[in-house]
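A short write-up of the structure that comes next.
The values are calculated or read from the model by the stated rules, or taken from the named source; none is laboratory data. A quick note: this is a predicted structure, and the numbers were derived from the prediction, not measured. Glycine gets a Cβ as well: all are built from the backbone with ideal geometry, and neighbour counts include every protein chain shown. The accessibility values were calculated without ligands, DNA or RNA, using every heavy atom of the protein model including side chains. Shrake-Rupley method; radii C 1.70, N 1.55, O 1.52, S 1.80 Å.
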Amino acid sequence: MNERTFPSDEERGLLRDAVRRLLERHWPVDQAVELSRSGPAVRTQWKLLAEQGVAALGTDPSEGGMREIVLVMEELGRAASPAPVLSAALLNLLRLEERDTPLAAMRAGDACVVLAMDGADAAPALTWAGNRLSGEIAYVEAAHAATHFALLVPGPAVVFVQATAEGVHLDATPAMGTEGLHRLRLDGVAGVHRPLPAGAPRDLAAWSRLGLSGRAWGAAQRAFALVVDYAKIRRQFGQAIGSFQAIQHKLANVHIALQGLQLCNTNAALQCDLGTPQWHWFSAAAWALAGSNLRLAMLEIQHTFGAIGYSEEHEAPRHFKQVHLDVLRHGGGRRAREELAAFFLDGEGGTLPEYDLGEAGNAFRHEVRAWLAENWAGHQREAHEKLSFKKREYNKEFAQALGRTGWVGLSWPRRFGGQERSALEQIAFVEEVERVDAPRVGAPVQAAILQVYGTPEQQQRLLPEILRGEAIYGMGYSEPDAGSDLASMRTRAERVHDEKGDGWLINGQKIWTTTYWGDYMLLAARTDPDAKPRHAGLSLFIVPMDTPGITIKTSTTMYGGSFANVFYDNLRLPADAIVGEVNGGWKALTGALATERGLIGGGIVMKVARAFELLCAHVRTAEAHGRPLRDDALVRDRIGDLAAQIEAGRQMMMHCASQVDGGETPLQDAAVSKVYSGELMERFGEAALDILGMVATLGEGSPGAILRGRIEQNLRHALMWAISIGTNEIQRSLIAQRGLGLPR
């Protein structure tokens, strides 16, 4: 189905605004709980929504499909409204024959039809015989407002019954301190039977989970917005609690969790609308995330509210209850994780679904894949993989071969010899490179700085070397007393005029430099020691690493690599070694770091995805205690959980890419992606140890090491990503202050 047949983003925005205004006007916050208890009030709300066209969602993709359904469910969650929008949408999606059913009246708002699906995901004890329906079904929502019920029976089929028919009984079943659920009992009730295709129950469950995930997200997002505002005004110890780092980081974590789920919900709904073969997979990933992310998010929100959140007079408790009730339906996250695990561990085993990167991105993916099959295969790749992890980072022969393709300059402007490819095409490239474990090439951050701030002479001399794959750059930023606080750096650059000419004299020390063995260093140094603020006195320099005055002292890292302390003693540079204006380095430096965080976030996720697929391939054939490892229920649960977490990271990567292609610089979202992906790599490493046990701790060279020690090496390496390019604590503060507007 062509995407252009669907409503536009603008139309979806108008729908959201219309539904929100209606709910604010007719479902007031301070009356929502009381209104929910009233069947007539819920039916009135349903009538008003139907008049807005909401009751017809799902009947025609051009008028609204799963994305619009999820959007409306988000608004219902925000307003704590039990209006049976999801019931109507699911029935519409089934495309049932309307004769003798209440479907037409439902779409007009004259009938309030509740699709009774057992919220516990148990097989309901319903029988259809002699045109009569008997049995019972639990956890039915809005049953007290229903004029009709629709029930799923074996066959499969849907049976419609009138709520007032003889033999229909409702028993209230309070749950989580609410009164909205009922047990529906039927004793020989006449009904209208409509058969369904064999796969309809599975589709119904997936559709329902997406809708419920949207509503639960809407409830959590509303509670989050309330608590962020509260943190700005609630004062303790003489200041707003939102200025406390503990609160800022707590709320940054909630923001990250909510963003990950919303992106997964949106993508799963899109895949459903498009009818892609693996849309059920995306739906399961979103549901697995909802089951974990939202419950933890609501706990953190309540913790931040403190005692005020205990009061039923406050809005927060109802959202806490709604989230927990919604995400436990259909077997909750446990059932979704099992579905994801089955995808990877059963049968031939699966790999993470490929994204549709658009016509250009998809074509480029295949082009890169074919080139790598020709140029990074056979003896060359095998020889590289036999090297220690420390020596695998760079391969000169491969770098120069790639340089001949021009792909080092994928994103570069054409005036510098680049290809100006989109961010989606860049994702295609990095994915394929990670898929075959090829070494890195180029200097993307340094090249970007040179293109923006470099002189024409610097650009003409230095950029072609990078483009050809011939030059590797390091970054000389951090110092012993200036890690995350780069404005405190002390390395000094003094302008000199003497018999040697006009130049710069550099003195100082840089630490934790990983690419110290490169051809050049992009060095940050202080050119004005008296500048106020401190960051205003920094400048950037290009330093050839063979320049006299450089001393390198290396240290072995805990992940088997190395970094260096680099000492600059009376290092003499020519006047034209400076990049950009004197004292203008901070803008270039921070912009480059933001760019790198976005690149790092996506790159780390792809590394984790590759390691995850290799782990699954091992689990499929491994045994533990004489039985297949893949049959262990706890192993399967961890695999499913990892799959969902990786999908959230991939969606964050795609979100940043879409912003870049839209001409935006995603500062806060790049920080979100960097924090999430770095810690995802840590979680993956720890989970892999739980799954595999002691054998996973064996390193390269050890007999019996899994994947030549890659599992344990990944975990040790993961620690770097939570610190490198700005610690995750600093990134959380950035998210809280710049993204959420919390006070410093």
Quiz item: Hull surface divided by four, with the convex hull built on the Cα atoms of segment 510-561: how many nm²?
Solution: 4.8
Exercise. Over segment 1-136, calculate the relative contact order: mean separation of alpha carbon pairs under 8 Å at least 6 apart, over the residue count, as a percent.
Key: 24
Self-check item: Diffusion coefficient, µm² s⁻¹, Stokes-Einstein with Kirkwood Rh over alpha-carbon pairs of segment 434-477 at 4 °C and 1.567 mPa s
Solution: 114
Quiz item: Can you list, largest first and rounded to whole Å, the semi-axes you get for segment 226-280 by taking the square root of 5 times each eigenvalue of its Cα gyration tensor?
Solution: 38, 9, 5
Practice problem: Considering the convex hull of the alpha carbon atoms of segment 591-740, report its projected area averaged over all viewing directions, in nm², one decimal. | Solution: 9.7
Quiz prompt | Cross-link table Lys232/Lys587; Lys500/Lys553; Lys391/Lys510; Lys553/Lys607; Lys396/Lys553; Lys553/Lys674, entries beyond 26 Å C-alpha to C-alpha | solution = Lys232/Lys587; Lys500/Lys553; Lys553/Lys607; Lys553/Lys674
Quiz prompt | Heavy atoms of Arg495: accessible area, 1.4 Å probe, square angstrom to 10 | solution = 110
Exercise. Rounded to the nearest Å, what's the spacing between the alpha carbon centres of segment 123-173 and segment 393-429? Just the number, please.
Key: 61
Quiz prompt | Packing rank of 388-397, 435-444, where each peptide gets the mean count of other beta carbons within 10 Å, highest leading | solution = 435-444, 388-397
Exercise. Within segment 36-143, report the trypsin sites (Lys or Arg not before Pro) that DSSP leaves as loop and that have at most 10 other Cβ atoms within 10 Å.
Key: Arg99
Quiz item: When every alpha-carbon pair in segment 181-288 is counted, what percent end up more than 21 Å apart?
Solution: 57
Quiz item: How much space per residue, in cubic angstrom, does the convex hull of the C-alpha atoms of segment 458-499 take up?
Solution: 155
Quiz item: What helices does the chain hold that run 30 Å or longer along their axis, going by alpha-carbon atoms, with a Kyte-Doolittle average of 0.0 or more, using DSSP H for the helix calls?
Solution: 200-233, 245-274, 585-621, 667-692
Quiz item: Quick one: Cα centre-to-centre distance for segment 606-633 and segment 240-281, in angstrom?
Solution: 27
Practice problem: Among DSSP beta bridges whose residues both lie in the chain, state the antiparallel percentage, nearest 5. | Solution: 90
Self-check item: Cβ charges +1 (Lys, Arg) and -1 (Asp, Glu), total dipole of the chain, debye
Solution: 960
Quiz prompt | Surface accessible to a 1.4 Å probe, per residue, for the residues of the chain, Å² | solution = 42
Exercise. Provide the net charge surrounding Asp576, with neighbours chosen by a C-beta distance below 11 Å and charges set as Lys +1, Arg +1, Asp -1, Glu -1.
Key: -1
Exercise. Rounded to the nearest 500, what is the 222 nm mean residue ellipticity of the chain from helices alone, with -39500 (n - 2.57) per DSSP H run of 4+ residues and division by all residues?
Key: -16000 deg cm²/dmol
Self-check item: Inverse of mean 1/r across different Cα pairs in segment 400-454, Kirkwood, Å
Solution: 11.8
Practice problem: Pop out the Kirkwood hydrodynamic radius of segment 267-375 from its pairwise C-alpha distances, inverse of mean 1/r, in Å to one decimal. | Solution: 17.1
Quiz prompt | segment 12-52 versus segment 685-741: alpha-carbon centroid distance in Å | solution = 46
Quiz item: Put +1 on the Cβ of every Lys and Arg and -1 on every Asp and Glu Cβ in the chain; which of Leu410, Val168, Tyr310 then has its Cα farthest towards the positive end of the dipole?
Solution: Tyr310
Quiz prompt | As computed over the chain, the Cα convex hull volume per residue (Å³) | solution = 174
Exercise. Relative to the compact-globule scaling 2.2 N^0.38 Å, provide the ratio for the alpha-carbon radius of gyration of segment 44-98.
Key: 1.06
Exercise. Would you mind telling me the share, in percent, of accessible area of the chain contributed by carbon and sulfur at probe 1.4 angstrom?
Key: 51
Exercise. Please sort 658-664, 247-253 by packing, taking for each peptide the average over its residues of neighbouring beta carbons within 10 angstrom, highest first.
Key: 247-253, 658-664
